[in-house]
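The values are calculated or read from the model by the stated rules, or taken from the named source; none is laboratory data. Note that the structure is a prediction, hence the values are computed from the model and not measured. Counting neighbours? That spans all protein chains shown, and the Cβs are built from the backbone with ideal geometry, glycine included. The protein model used for the area step is the full one, side chains on, heavy atoms only, and it has no ligands, DNA or RNA in it. Shrake-Rupley method; radii C 1.70, N 1.55, O 1.52, S 1.80 Å.
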Amino acid sequence: MGLDEYRKKIDDIDKQMMKLFADRMETVTKVGLYKKQHNIEILNTCRENQVIEKNVKLLDDSLKEEGKEFLEAMMAVSRKYQAKIINKQNTSTYDYVKIGYPGVRGSFCHQALLEYFKTEKNAKNYNDFEDVFVSLKNGEIEYAVLPIENSSTGAINSVYDLLRKYGFYIVGEQCISIDQNLIGIDGTEITDIEEVYSHTQGFEQSSMFLQNHKMWKLIPYHNTATSAKHVKELNDKHKAAIASREAAKIYGLKVIKEGINDNRNNTTRFIIVGKKLQNDDIYNKISVVFSLKHESGSLYSVLKYFAENKINLLKIESRPREETNWEYFFYIDFEGNLNNESIDKAINELKTSSSYFRLLGCYKASCEVK
């Protein structure tokens, strides 16, 4: 059988698949309407896992992994379609998608979640960054919202490390203007304060203000909004937090001193993380991580690929390799789309030259450089 005949056979199979797909989506809509009528959530992780496990068993061992990926993608499309059809009015497409974030309501992560997804109906909060990754790994959530860098203090290294550790992908980004404030319970004056709670980023972003109050004890906490919540629970005018105005409002605290961050244009970039690599024609930003041997000119030799292919490099960040002294992981963001021929060429050249390489994601940029 020649190539044309193989292609014709694939075309025939695709036609059958599209008919079956339309039939399935029609049934999916009916299921969605039933769930809405009976107030049942669209996402049923247990049911989906059963369906996937049952159908994967029908495949040969060589196809089981790919079959699972195919079914998971089909489930995700079905959920999105249900939400789109049965909730056209005043409802986000993501209302039935479970999203995780570190911190509590009023945190900057929570704000980024609201601005990106336009809903918090199925949002779930966690104490630490890794707790969110573990939840995504276990299928408890479908997306995670995490900070990756701040315009004043730079990269949030632990998130870079966790991205590589868990093998997930960046599927989107959201930038939030960060306005740090000193807040406390009603009646607190700045002269009363002895202890201040905040995330380390809150302290770093407000370092100039804190230099004028060296007598204060700075106590690192999970995040800024959790710090505000903690100060409210302590109900002690000798204790304050560095957090947002929204956190002060949510937890009924007083803004003692507003806008204490060093940089008036203080901005944090948040990434949206998912299990699957995504691509679309409108995506215009790519992130990768790679490692090189500790040899003279090795970094230059790979960065030249970007210049030769006229690709705009947006960011480069390095992190040490724990298992090898004086070697580093390099995290790079650059403009482009995976469907572009020059991008594909540059990625293949980079992959060939690297001792370690991983594509971290392709997504739509939302953080403009000014």
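For the chain, a Gaussian network of Cα nodes joined below 10 Å ranks Pro147, Pro220, Pro102 by mean-square fluctuation, and the top entry is Pro220. From the largest down, the range 250-300 spans 53, 35, 20 angstrom on the principal axes of its Cα atoms. DSSP loop (so not H, G, I, E, B), at most 11 other Cβ within 10 Å: list which GluC sites (Glu not before Pro) in the range 176-243 pass both filters. Qualifying residues, ordered by number: Glu189.
Along the range 46-54 the Karplus relation, 6.51 cos²θ - 1.76 cosθ + 1.60 evaluated at θ = phi - 60°, assigns HN-Hα couplings of 4, 4, 5, 4, 5, 4, 5, 4, 4 Hz to successive residues, with x for each Gly and Pro.
Close amide H pairs (under 5 Å, H built 1.01 Å from N) link Ala155 with Asn150, residues at least 5 positions away or on another chain.
Please go through the residue pairs Lys229/Lys275; Lys9/Lys276; Lys8/Lys84; Lys54/Lys275; Lys36/Lys57; Lys276/Lys364 and name each one whose alpha carbons sit more than 25 Å apart in this structure. Can you show the working numbers first?
Working: Lys229/Lys275 31 Å; Lys9/Lys276 29 Å; Lys8/Lys84 34 Å; Lys54/Lys275 21 Å; Lys36/Lys57 31 Å; Lys276/Lys364 15 Å.
From the list (Lys229/Lys275; Lys9/Lys276; Lys8/Lys84; Lys54/Lys275; Lys36/Lys57; Lys276/Lys364), the Cα-Cα distance tops 25 Å for Lys229/Lys275; Lys9/Lys276; Lys8/Lys84; Lys36/Lys57.
The amide H of Tyr356, built 1.01 Å from its N in the peptide plane, has Ser291 as neighbours under 5 Å, considering only residues 5 or more places off or on other chains. Name the most mobile residue of Ile271, Ile99, Ile148, meaning the one with the largest mean-square fluctuation, in a Gaussian network model of the chain with Cα contacts below 10 Å. Maximum among the listed residues: Ile148. Anyone know which of Thr45, Thr224, Thr188 comes out most mobile in the 10 Å Cα GNM of the chain? Sorting by GNM fluctuation, first place goes to Thr45.
Taking a straight Cα-Cα cut-off under 15 Å and skipping sequence neighbours fewer than 8 places away in the same chain, the aspartates and glutamates within cross-link reach of Lys19 are Asp11.
Between amide H atoms placed 1.01 Å from N, distances below 5 Å from Gly336 occur with Lys285, Ile286, all of them 5 or more places distant or on a separate chain. Normalising the Debye intensity of the range 283-331 to I(0), with uniform scatterers on Cα atoms only, and taking log10 at q = 0.14, 0.27, 0.30 Å⁻¹ returns -0.40, -1.14, -1.27. Place a point 7 Å from Cα of Thr200 in the direction of its Cβ. Which residues in the range 144-164 have their backbone N less than 12 Å from it? Counting backbone N atoms under 12 Å from the label point, the list is 155-159.
In this view, the solvent-accessible surface of Tyr6, computed with a 1.4 Å probe and all protein chains in place, comes to about 120 Å². Split the accessible area of the range 149-230 by element, probe 1.4 Å, and carbon with sulfur accounts for 50%. Of the cross-linked pairs Lys232/Lys257; Lys121/Lys239; Lys35/Lys118; Lys68/Lys310, those separated by over 27 Å at the C-alpha level are Lys121/Lys239; Lys68/Lys310.
Across the range 235-250, rounded Karplus estimates of 3J(HN,Hα) from the backbone phi angles (6.51 cos²θ - 1.76 cosθ + 1.60, θ = phi - 60°) give 6, 10, 6, 8, 10, 9, 9, 10, 7, 7, 4, 5, 5, 4, 5, 4 Hz, Gly and Pro being marked x. The label-point distance for Gln50 and Glu341, in a model that sets each label 7 Å from Cα toward Cβ, rounds to 5.1 nm. Rounded to the nearest 10 degrees, the inclination of helix 298-308 to the longest alpha-carbon principal axis of the chain is 70 degrees. Expressed as a whole number of Å, what is the distance separating the alpha-carbon centroids of the range 18-79 and the range 140-164? With the range 140-164 and the range 18-79 each reduced to a Cα centre, they are spaced 31 Å.
Compare His294, His110, His222, His230 by solvent-accessible area with a 1.4 Å probe and give them largest first, with all protein chains kept in place.
Values: His294 130, His110 10, His222 85, His230 40 Å².
Largest accessible area first, the list is His294, His222, His230, His110.
Label separation (Tyr328 vs Gln16): 5.5 nm, computed from points 7 Å beyond Cα along the C-beta direction. Arg264 contributes an accessible area of around 150 Å² to the protein surface, as traced by a 1.4 Å probe with all chains present.
Put simply, the range 225-370 fits an ellipsoid with semi-axes of 41, 20, 14 Å; these come from the alpha carbon gyration tensor as the roots of five times its eigenvalues, largest first.
Quick check: convex hull of the Cα atoms in the chain, volume per residue, rounded to a whole Å³? List each step's numbers first, then the result.
Details: hull volume 71.5 nm³, N = 370.
Value for the chain: 193 Å³ per residue.
Taking 4.7 Å between beta carbons as the limit, the unpaired Cys residues of the chain are Cys46, Cys109, Cys362. With both residues required to sit in the chain, DSSP beta bridges show an antiparallel share near 75%. Given a Förster distance of 51 angstrom, what is the FRET efficiency for Lys9 paired with His294, based on the Cβ-Cβ distance and rounded to 0.05? Efficiency computed from Cβ-Cβ geometry: 0.50.
With r as the distance between the Cβ atoms of Leu234 and Lys351 and R0 = 51 Å, compute the FRET efficiency 1/(1 + (r/R0)^6) and round to 0.05. For Lys351 and Leu234, the calculated efficiency is 0.45. Applied to the range 335-342, the Karplus parametrisation 6.51 cos²θ - 1.76 cosθ + 1.60 on θ = phi - 60° returns per-residue 3J(HN,Hα) values of 6, x, 10, 4, 7, 7, 5, 5 Hz, with x for Gly and Pro.
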